[in-house]
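Report on the following structure.
What follows is calculated from the coordinates using simple rules that are stated; it is not laboratory data. What you see is a predicted model; the values in this text were computed from it and never measured.
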Amino acid sequence: MTNKLANYLENLKNCLRIDSAAKDETIREISTHLEDSSQELKEGGLNEEEALRIATLKFGSVQSIAQEICEVHNQGSWWEAFFAALPHFLVATLFVSYYWQNTTCLLLVLIATTCVVIYGWRHNQPVWLFPWLGYYLLPVIVTGILLIYLPQGWTWLAALVYIPLALFIVAYIVRQTTNRDWLYTLLMLVPILVVFIWLTSSSTGGQLLPISAQLQENTLLLAGSFIILALATIAFIRAKQRWHKAVALLISASLILFSLALTNRANIGLGAGTILILSLLILVIPAWMQLKPQPR
Amino acid sequence: MDYKRELLKGNTECLLLCLISSQPMYGYQIIKELNRRSNGYFRFKEGTLYPALHRLEKGKLVKSEWEKSPAGQERRYYQITEKGRQALSQKLSLWEDFSTAIKTVIQPETS
């Protein structure tokens, strides 16, 4: 394979934000196409460089082809959209039914989430996986925060053992997901941001615990937040265009965060306010990047 | 030109299914066959074929498999499925009705 062909394929690979198995197969397929095409041109009397130049010209621009392929692969079916939204619906149900205070129930949800995540991770990270991943990471992060509140003497154990391990897991998953597509990283992080906003706005006097009373007061609003997330996830999975996906997340998160900020029940302090602004920035910047005209 | 492109875009799936229905083919072979059968009438960027093929595969109208070509190289062959045959039959029937209706309208009335 010549350098020029390798560069063309590398560019295409960088633009293809689809699962790794489909990406490898697509690159291999296009590589054989370009080889066949340039071979035929060479047989027609062109030199190798000229043949490859014409073959890639006939094939089309890397960006527009990659975009079309991504639209095909990244638009999930209705079934996938529903399955991706399922964890949000589950969490909303937990709040409405007050089962979120039941340890057995929470444990069952956690086990189910872990099983779904392991299955999805081992099967080329399908589009429905990412919201589940968000809920999988949530207890990992929350446990780390709770360990900080351990009695003196035990905190060092948390700092030395758990927190580096948790950070490694979070960083590894975020990196892998971003390699696939940073839009999926956002889909994964949105529920975590919403939960953190809720936790910080429900805490009193800078203490994260106890928060159950405040959460109990806002049950319907909480459940509503997760229903909005579920609907946004369905829109995200069903959308073909990347900027539609980004806007679906942005609108839903803005709706949740602003309704939370504006409600009298919520107690938005400096910490929660900062997280709220940062969360919106995290979502606004990628959405703005997607709205910029893409080279075709 | 735009009208021709729109017509082609609307009928890409039908053309691809029609070509693949006779025998399994790989991407480059499909381009060549389309060119041969249409005497070069259909001109488009070759890369746009793959999103269309992948869309058909996602819709389970075709399935693909890596096989050795007669020249001995591995190629991704697309083969029509039963669902694809049914879809093709419906599309062809619709196309014939549409084409007949268009012809009837544009031909001058004899009586």
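Here the relative contact order of chain B, from alpha carbon pairs under 8 Å that lie six or more residues apart, stands at 28 percent.
Measuring between their Cα centroids, the stretch A:23-46 and the stretch B:1-63 lie 17 Å from each other. Per q in 0.08, 0.14 Å⁻¹, report the Debye log10 I(q)/I(0) for the protein assembly as shown, using one uniform scatterer on each alpha carbon and no solvent. The calculated log intensity ratios at q = 0.08, 0.14 Å⁻¹ are -0.58, -1.22. Straight-distance candidates among the aspartates and glutamates for linking to residue B:83, with alpha-carbon spacing under 16 Å and chain neighbours fewer than 8 residues away dropped: B:13, B:57. For residue A:240, the lysines whose Cα comes closer than 17 Å to its Cα, not counting residues fewer than 8 places off in the same chain, are A:292, B:58. Over the Cα atoms of the stretch A:1-143, the radius of gyration divided by the Kirkwood radius equals 1.23; this is the Rg/Rh ratio.
Within straight cross-link reach of residue A:4, meaning Cα distance under 22 Å, which lysines are found once same-chain residues fewer than 8 apart are removed? Of all the lysines, those that pass the test against residue A:4 - Cα under 22 Å, at least 8 places apart if same chain - are A:13, A:23, A:42, A:58, B:45.
Rounded to whole numbers, the Karplus 3J(HN,Hα) couplings from phi for the stretch A:87-97 are x, 5, 4, 4, 5, 4, 5, 4, 6, 5, 8 Hz, using 6.51 cos²θ - 1.76 cosθ + 1.60 with θ = phi - 60°, and x at Gly and Pro. Mind listing the long-range amide H neighbours of residue A:124? Cut-off is under 5 Å, sequence gap 5 or more, other chains count too, H placed in the peptide plane at 1.01 Å from N. Here the answer is none, since no amide H 5 or more places off falls under 5 Å of that of residue A:124. Which angle from 0 to 90°, rounded to the nearest 10, does the C-alpha axis of helix B:49-58 make with the longest principal axis of chain B? Approximately 80 degrees, to the nearest ten.
Note on chain B: GNM, Cα springs under 10 Å; of B:32, B:45, B:91, the largest mean-square fluctuation is that of B:45.
Between helix B:82-106 and chain B there is an angle of about 30 degrees, using the helix long axis and the longest principal axis of the Cα atoms.
3J(HN,Hα) couplings calculated from phi for the stretch A:76-82 with the Karplus curve 6.51 cos²θ - 1.76 cosθ + 1.60 (θ = phi - 60°) are, in sequence order, x, 6, 4, 4, 5, 4, 5 Hz; Gly and Pro show x. Annotation: amide H-H contacts under 5 Å for residue B:77 (H modelled 1.01 Å from N, sequence separation of 5 or more, or interchain): B:65, B:66, B:67. For chain B, list log₁₀ I(q)/I(0) at each q in 0.12, 0.18, 0.19 Å⁻¹, using the Debye formula over Cα point scatterers of equal strength and ignoring solvent, two decimals each. Relative scattering, expressed as log10 I(q)/I(0), comes to -0.48, -0.96, -1.05. When the P(r) of the stretch A:70-182 is calculated, the portion above 20 Å amounts to 52% of the C-alpha pairs.
Derived scalar couplings between HN and Hα for the stretch A:161-175 equal 9, 6, 4, x, 5, 4, 4, 4, 4, 4, 4, 4, 5, 5, 5 Hz in order, rounded to whole Hz, by the Karplus curve 6.51 cos²θ - 1.76 cosθ + 1.60 (θ = phi - 60°), x for Gly and Pro. The amide H of residue B:62, built 1.01 Å from its N in the peptide plane, has B:57, B:81 as neighbours under 5 Å, considering only residues 5 or more places off or on other chains.
When chain B is treated as a Gaussian network with alpha carbon springs shorter than 10 Å, the biggest mean-square fluctuation among B:26, B:41, B:77 belongs to B:41. Here the stretch A:3-72 has an Rg and Dmax of 12.4, 39 Å, counting Cα atoms alone.
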